[in-house]
1. Would you be able to tell me the number of residues in the range 127-136 that are part of a helix (DSSP H, G or I), in contact with a helix residue (DSSP H, G or I) (Cβ under 9 Å, 6 or more places away or on another chain) and not polar (S, T, N, Q)?
2. Can you tell me which residue within the range 44-70, out of those that are crowded, with 22+ Cβ neighbours inside 10 Å and touching a residue at least 60 places away in the same chain (Cβ under 8 Å), is nearest to Asp12 (Cα to Cα)?
3. Against the conditions (1) more than 23 Å from Val199 (Cα to Cα); (2) touching a helix residue (DSSP H, G or I) at 6+ places or on another chain (Cβ under 7 Å), where does Phe121 fall short? Just the number, please.
4. Out of all the residues in the range 193-241, which are modelled with pLDDT under 90, under 17 Å from the mean Cα position of the chain (by Cα) and among the charged types (D, E, K, R)?
5. Consider Leu164 carefully, then state whether it is at pLDDT 95 or above and closer than 18 Å to Phe79 by Cα.
6. Which members of the range 90-106 meet the condition of being outside any helix (DSSP H, G or I), over 27 Å from Pro166 (Cα atoms) and either in contact with a strand residue (DSSP E or B) (Cβ under 7 Å, 6 or more places away or on another chain) or of a type in the set (A, V, I, L, M) (or both)?
7. Can you name every residue in the range 107-126 that is closer than 15 Å to Gln171 by Cβ, in a helix (DSSP H, G or I) and not aliphatic (A, V, I, L, M)?
8. Go through the range 137-221 and tell me which strands (runs of 3 or more DSSP E), entirely inside it, have 1 or more residues that are surrounded by fewer than 20 Cβ atoms within 10 Å (Cβ to Cβ) and in contact (Cβ under 8 Å) with a residue 40 or more places away in the chain.
Amino acid sequence: MISIHEISKSYDQKTQAVDNLSLEIYDNEIFGFLGPNGAGKTTSLKMISGLLLPDHGSIKVNGIDVATNPLEAKKNLSFVSDDPNIFLRLKGIEYLRFLADVYEVAEDLRVERINDLSRRFAMSNVLDQRIQSYSHGMRQKIVLIGALIHNPPTWVLDEPMTGLDPSSSYQLKNMMREHADNGNTVLFSTHVLDVAEKVCDRLGVISEGKLLFVGTMAELREKHQDDSSLESIFLEMVGEGQFSPFALSEEEVRSL
């Protein structure tokens, strides 16, 4: 469970990247965080993961305060950034062993999880190669495997399906569902609205740092008295005059 209470963040002391955000994300659910570019999604996820501190407000992960007990909070979550370009000179297996050491995963358990996750994401044959030789999608997959190696109860994923091939995207969606159904929490941001509509138990819409809506897809449609597509409703919420931040790229369409 993630509890967010009145958090705000500004990078220039003028504009609020996140503006007084309060939100409860429960166990047993997949929560989708949606909004246009620059809406505050990534800033919010980085504050939840402890990479950024809010200017004010508080965040708890499974009852643990992220600011006052950061190490314990981090043990309870995994964070996948929207930028997978990390530790490029390490081999894939070296990166995974390093993270297993950081999270104190027992030797027999880490071998089992590395084998299982690398098989699911079709990475078994490239773990001995350096990450700098990987394609963007392969880097995304090795980051996902590393983030999940300690099997934390809370997953925080920033655009996790960007660059994934259809098979890996399908695997990740199934894993997210399995994880939530086992009593855990999954929070992820996405621009692929069809994925959000099919996968999420609840949605949150953010624009200009402010939370505009929280609820199910049915509640969103009821609020707007609209049977149109999720994209149409969101465009109405964040401003029809903008270029659609939710338009799917060819790559994203293939990943559905």
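The values are calculated or read from the model by the stated rules, or taken from the named source; none is laboratory data. What you see is a predicted model; the values in this text were computed from it and never measured. Here the Cβ positions follow ideal geometry from the backbone for every residue, glycine too, while neighbour counts run over all protein chains shown.
1. Summing the residues that are part of a helix (DSSP H, G or I), in contact with a helix residue (DSSP H, G or I) (Cβ under 9 Å, 6 or more places away or on another chain) and not polar (S, T, N, Q) in the range 127-136 gives 1.
2. Ser44
3. With respect to (1) more than 23 Å from Val199 (Cα to Cα); (2) touching a helix residue (DSSP H, G or I) at 6+ places or on another chain (Cβ under 7 Å), Phe121 is out only on (1).
4. Correct list: Asp194, Glu197, Lys198.
5. Values: at pLDDT 95 or above: no; closer than 18 Å to Phe79 by Cα: yes.
The answer is no for Leu164.
6. Here is the first cut: in the range 90-106, the residues outside any helix (DSSP H, G or I) are 90-91, 103-106.
Keeping just the survivors that are over 27 Å from Pro166 (Cα atoms) gives 103-106.
Hits for the range 90-106 are Val105, Ala106.
7. Pass one, the range 107-126, residues closer than 15 Å to Gln171 by Cβ: 113, 115-124.
Checking the rest, the ones that are also in a helix (DSSP H, G or I) come to 113, 115-120, 124.
Within the range 107-126, Arg113, Asn115, Asp116, Ser118, Arg119, Arg120, Ser124 meet the criteria.
8. On the way: elements: 154-158, 185-189, 202-207, 210-215.
In the range 137-221, the matching strands (runs of 3 or more DSSP E) lie at 202-207, 210-215.
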